[in-house]
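J.: First the structure, which I've put down as structure tokens, then a few questions once you've had a look.
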Amino acid sequence: MSRITRRGFLQHTAALGTGLGLTATMRGRAWAANDKLSIACIGVRGRGNSVMHSFAAEPDCEITHICDVRETVRRQRGAEMKEKTGRMPKLVTDYRTLLHDNSVDAFMVATPDHWHALLTIDGCLAGKDVYVEKPASHNILEGKTAVAAARKNNCVVQMGTQIRSAPFLQEAADYVKSGALGKVMYGKAWETDRNAAVHLSPDSDPPSGIDYEIWQGPSPERRYNKSIVGGAWRWLFDYGTGDLGNDGVHRIDYCRYVMGLEGMPEAISCSGGKYFFEDDQQWPDTMLINYEYPGKVLQYEMRLWSRSKLFDATEGAVVYGENGWLLLTNTSWKAYDADGKIAQQGSSDVGQQAHIRNFLDAVRSRNRESLNQEIASGHVSTSMCHAGNISWRTGKKLRFDPQTETFDDQEANQYVGREHRKGFELPTIT
């Protein structure tokens with residue numbers, strides 16, 4: 001089979017202006033109650049499988065395409081979806097074949113981090129709405145480009161920080177907005193756990209049944225490594241964003257949401273390093289990051305070697321005001337008054353099904369403002385993780401310019417973006 005380059009696909013897309021116009025018109029039409037949205041799920045090995053089944057549980061959408069670089073995964077997930085829904089999805093190796101398929105309304109993206117932004121961008125440029133797992137990008141420039149691509153075609157894009165749709169979080173945010181805590185000036189989010197060590201197997205030729213060329217995508221050329229492709233990618237600079245982008249993005253996001261912090265911080269400083277593990281992972285296992293806003297500070301603490309919990313929670317956040325404080329976990333909140341007594345509390349599930357429902361409703365209404373984690377907001381929380389990582393890599397306190405989305409430091413700015421591998425270039429959105 002001859003390989004069609006990504007550049008060729010995008011050039012063909014640009015030439016089909018009328019085709020994209022038709023797609024946009026179709027997406028803008030009024031949806032009838034019995035119309036089903038067609039969802040193409042890209043990356044369905046782990047987390048993507050869970051999200052795909054949540055989409056399949058909604059009665060007004062249908063999993064019509066399953067796209068994964070692994071043949072065994074495609075076949076297995078297809079059979080499972082057929083058993084669950086009675087319909088066999090089309091099985092796809094190369095996502096680019098979906099870009100001109102007008103039967104596809106939306107992408108669900110749950111690949112490794114280094115593919116999140118590019119799939120969002122290509123999807124939006126082809127007129128598809130996108131549900132993309134966190135983090136929204138591998139670096140700040142990719143995220144900025146994804147936001148621009150979504151705006152260019154008025155696409156609905158939701159980042160999969162599902163707790164944004166959990167009822168308990170809205171209750172907590174409303175409580176703080178009510179003024180019950182008084183002036184809020186400090187918040188702290190955390191992750192404390194004992195991770196496993198990362199040891200890479202020897203490099204080898206890729207086995208049959210996997211398209212390693214596509215798996216690499218925009219990342220630098222590297223010989224196949226079973227451990228990296230199997231999951232260790234998360235802990236390496238070229239593919240992942242460390243645990244800060246993996247778990248930290250959730251806690252940073254809901255802490256800043258409850259604190260009412262809309263944009264990026266003015267300054268970021270990180271202390272930490274790889275102190276515990278003696279293995280092949282590159283990202284730090286210990287971080288303490290300060291995000292400075294006018295009159296407020298959000299702090300993030302990460303200890304990947306410690307089973308000791310904070311406030312009896314492995315991961316969570318606290319928000320402090322002059323008249324009390326509030327504790328957040330992934331499924332609950334408790335507000336305490338100045339005397340330390342519980343003033344109000346609530347709980348709910350983690351919000352995954354509600355988050356997907358929120359996305360589907362926005363796709364139908366074409367109202368991106370109704371999204372609980374629209375891509376611009378997701379880009380902020382993701383960029384905060386990138387900024388923390390960059391501060392650690394440079395060893396410097398950095399100031400951020402929200403207009404240019406760059407730092408006040410030349411060394412730091414070299415990490416804002418990166419050169420994409422030939423054939424998977426980052427487009428310029430005008």
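J.: Cβ under 15 Å from residue 78's Cβ, residue 78 left aside: what net charge do those residues give with Lys, Arg +1 and Asp, Glu -1?
T.: In short, +4.
J.: Still on this structure, I have one more. Quick check on the chain: of the DSSP beta bridges with both residues there, what percent are antiparallel, nearest 5%?
T.: 65 percent
J.: Find how much the distance from residue 401 to residue 83 grows on full extension, using 0.36 nm per residue of separation minus their present alpha carbon separation; answer in nm with one decimal.
T.: 109.4 nm
J.: Another question, then. Under a GNM of the chain (C-alpha, springs under 10 Å), which listed residue has the highest mean-square fluctuation: 254, 95, 224?
T.: 224
J.: Pick from 79, 196, 146: which residue has the top mean-square fluctuation in a GNM of the chain where Cα pairs under 10 Å get a spring?
T.: Answer for the Gaussian network model of the chain: 196.
J.: Looking only at Cβ-Cβ distances, which cysteines of the chain have no other cysteine closer than 4.7 Å?
T.: Isolated Cys, the chain: 41, 61, 67, 255, 270, 385.
J.: Right, here's the next one. Using a cut-off of 10 Å between beta-carbons, work out the net charge of the residues near residue 347 (Lys and Arg +1, Asp and Glu -1, residue 347 not included).
T.: Net charge in that neighbourhood comes out at -1.
J.: Can you give me the convex hull volume of the Cα atoms of the chain, divided per residue and expressed in Å³?
T.: Spread over its residues, the Cα hull of the chain gives 145 Å³ apiece.
J.: Modelling each spin label as a point 7 Å along the Cα-to-Cβ direction, I'd like the residue 342/residue 47 distance in nm, to one decimal.
T.: Here the modelled spin labels are 3.1 nm apart.
J.: A further question on this structure: Name the most mobile residue of 124, 41, 61, meaning the one with the largest mean-square fluctuation, in a Gaussian network model of the chain with Cα contacts below 10 Å.
T.: Result for the chain, Cα springs under 10 Å: 61 fluctuates most.
J.: Here's something else I'd like to know. Which value, in nm² and rounded to one decimal, describes the direction-averaged projected area of the C-alpha convex hull of the stretch 315-358?
T.: Reported value for the Cα convex hull: 3.7 nm².
J.: Moving on to the next point. For the stretch 325-335, in order, what is each residue's ³J(HN,Hα) by Karplus, 6.51 cos²θ - 1.76 cosθ + 1.60 with θ = phi - 60°, in whole Hz (x at glycine and Pro)?
T.: Couplings: 8, 9, 9, 10, 10, 6, 9, 7, 8, 9, 9 Hz.
J.: For the chain, what is the mean residue ellipticity at 222 nm derived from helices alone (per DSSP H run of n ≥ 4: -39500 (n - 2.57); sum divided by total residues; nearest 500 deg cm²/dmol)?
T.: -10000 deg cm²/dmol
J.: Just add up the charged neighbours of residue 168: K/R +1, D/E -1, any other residue whose Cβ is under 13 Å from the Cβ of residue 168.
T.: With Lys, Arg at +1 and Asp, Glu at -1, the neighbours total -1.
Coordinate-derived values only; no laboratory data. The structure presented is a predicted model; accordingly, all values stated were derived computationally and were not measured. With ideal geometry, Cβ positions are generated from the backbone for all residues, glycine too; neighbour counts draw on all protein chains shown.
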